[in-house]
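The values are calculated or read from the model by the stated rules, or taken from the named source; none is laboratory data. Since we're looking at a predicted model, the values are computed, not measured. Here Cβ is always computed from backbone atoms with ideal geometry, including for glycine, and neighbour counts include all displayed protein chains. In case anyone asks, the SASA skips ligands and DNA or RNA and just uses the protein heavy atoms, side chains included. Shrake-Rupley method; radii C 1.70, N 1.55, O 1.52, S 1.80 Å.
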Amino acid sequence: MNNLYLICAVITMALITYFIRLLPLTFFRKKITNPYIKSFLNFVPYAVLGAMTIPDAFFATGSIISAGFGIATALFLSLKGKGLLSVSLISCLVVLILNSILFQILP
Amino acid sequence: MREYTKGIKDGLPICLGYISVSFAFGLMAKRGGLSVLSSVLISLTNLTSAGQFAGIEIIKSNGTLFELAFATLIINLRYLLMSLSLSQRFDEKTGTLKRLAMSFGITDEIFAVSMQRIAPLTFTYFIGLMTLPIIGWSGGTFLGAFASSVLPETVRLSLGIAIYAMFIAIIIPPAKKSRPILNIILISVAISTILSFVPLFAGLSGGWRIIISTIIASGVGAFLYPQKEGE
């Protein structure tokens, strides 16, 4: 892999990613009044995070079983109203404990 | 200043989540033959997970710049929707330079956390929110690339759930309060699952899957629950 290619590759990725991010925020200043578009944009974050989490989370830990328990833990704690950091840390801990056991049994 | 500190505080969990993911990115980049410096440079200039992982795959196989550009565009196209969504939340008088600076920090997590804020979004808060995640993302990449094997495999794998647990913690509280939000999440998850497992869609990249799920689910939401004036 030569350096010129690598530099061009990094610049290409960076510029495209940045332009996608800056175009609407920088050049779109009007407030949208159309109730359908407003509603659509409000739903975007939830739809994005849902689609990114399921099913990928099940394959994030090397074992569907530990991932499943991790997801269940996160759901349970979130429903209980726990904050982002504690939900994340406790879920990791649950997965770590299960993985330690599982990887012993199934090498 | 209080806005900045608030942003920093809200950014801390994102930063911690990023360290584990970017750690994995650092490992992967280093194994793919990249130097520590170029791995960190990619993270510092791109600040995105899926796009970088796909980018490394293409760079490793010496893919053309066009292929790289196209994949980056498709996978990161969702930021266009997020950026548009954010443009509605800032004061119209917010200047161009400030907007250019904030644009750099639009990621799934920073976006999600900023959107759950009830108080009006400000430039200072958003910059505060970006700060730690950028450090965590670049720092984690450095750690992963530099010491590709400090953590035992079991620990590294277990950290993989961190980012998803965070996503869940972000979307569940609003879903509990709002039936429409819950329905939209369920629709999006259903579409994403179908696109992942039905053989017909096997060729679809992760980026496309997220874009399609988001557009359909949010579209259904807009149609079923248009927002009344003043909401």
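The figures follow:
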item: Chain A: relative contact order as a whole-number percent, Cα under 8 Å and 6+ apart; result: 17
item: Solvent-accessible surface ranking, highest first, for A:L85, B:L34, B:L44 at 1.4 angstrom; result: B:L44, A:L85, B:L34
item: Isotropic mean projected area of the C-alpha convex hull, segment B:106-210 (nm²); result: 9.3
item: Heavy-atom surface of the protein assembly as shown, accessible at 1.4 Å and reported per residue (Å²); result: 45
item: Hull volume in cubic angstrom per residue (convex hull over the Cα atoms of segment B:6-132); result: 106
item: Chains B and A, summed buried accessible surface - 1.4 Å probe, Å², nearest 100; result: 7600
item: Distance from segment B:28-71 to segment B:126-142 (C-alpha centre basis), Å; result: 18
item: Cleavage-rule hits (chymotrypsin sites (Phe, Trp or Tyr not before Pro)) in segment A:20-51: DSSP loop, at most 15 neighbouring Cβ within 10 angstrom; result: A:F28
item: Two-decimal Rg/Rh across segment B:1-79, once Rg and the Kirkwood Rh are taken from alpha-carbon atoms; result: 1.06
item: Whole-percent carbon and sulfur share, accessible surface of segment B:117-209, 1.4 Å; result: 76
item: Chain B: mean projected area of Cα convex hull, nm²; result: 14.6
item: Value of [θ]222 nm, deg cm²/dmol, for chain B, DSSP H segments ≥ 4, -39500 (n - 2.57) each, nearest 500; result: -24500 deg cm²/dmol
item: Calculated FRET efficiency for the pair A:S100/B:I118, C-beta based, R₀ 56 Å, to 0.05; result: 0.85
item: GNM flexibility winner over chain B from B:G219, B:G105, B:G32 (Cα, springs under 10 Å); result: B:G219
item: Estimated vicinal HN-Hα couplings, Hz - segment B:32-42 in sequence order (Karplus 6.51, -1.76, 1.60; Gly, Pro = x); result: x, x, 7, 6, 4, 4, 5, 4, 5, 4, 4
item: Viscosity 1.306 mPa s, temperature 10 °C, Stokes-Einstein D of segment A:3-45 from Kirkwood C-alpha radius, µm²/s; result: 123
item: Mean Cα-pair separation over length for chain B, i.e. relative contact order, pairs under 8 Å, 6 or more apart, %; result: 35
item: With DNA, RNA and ligands ignored, accessible area of B:E57 (1.4 Å probe; Å², nearest 10); result: 90
item: log₁₀ of I(q)/I(0) at q = 0.17 Å⁻¹ - segment A:28-107, Debye sum with one point per alpha carbon; result: -0.75
item: Trypsin sites (Lys or Arg not before Pro) within segment B:90-170, DSSP loop, no more than 11 other Cβ atoms inside 10 Å; result: B:K93
item: Interatomic Cα distance distribution for the protein assembly as shown, bins of 10 angstrom, percent; result: 6, 25, 36, 25, 7, 1, 0
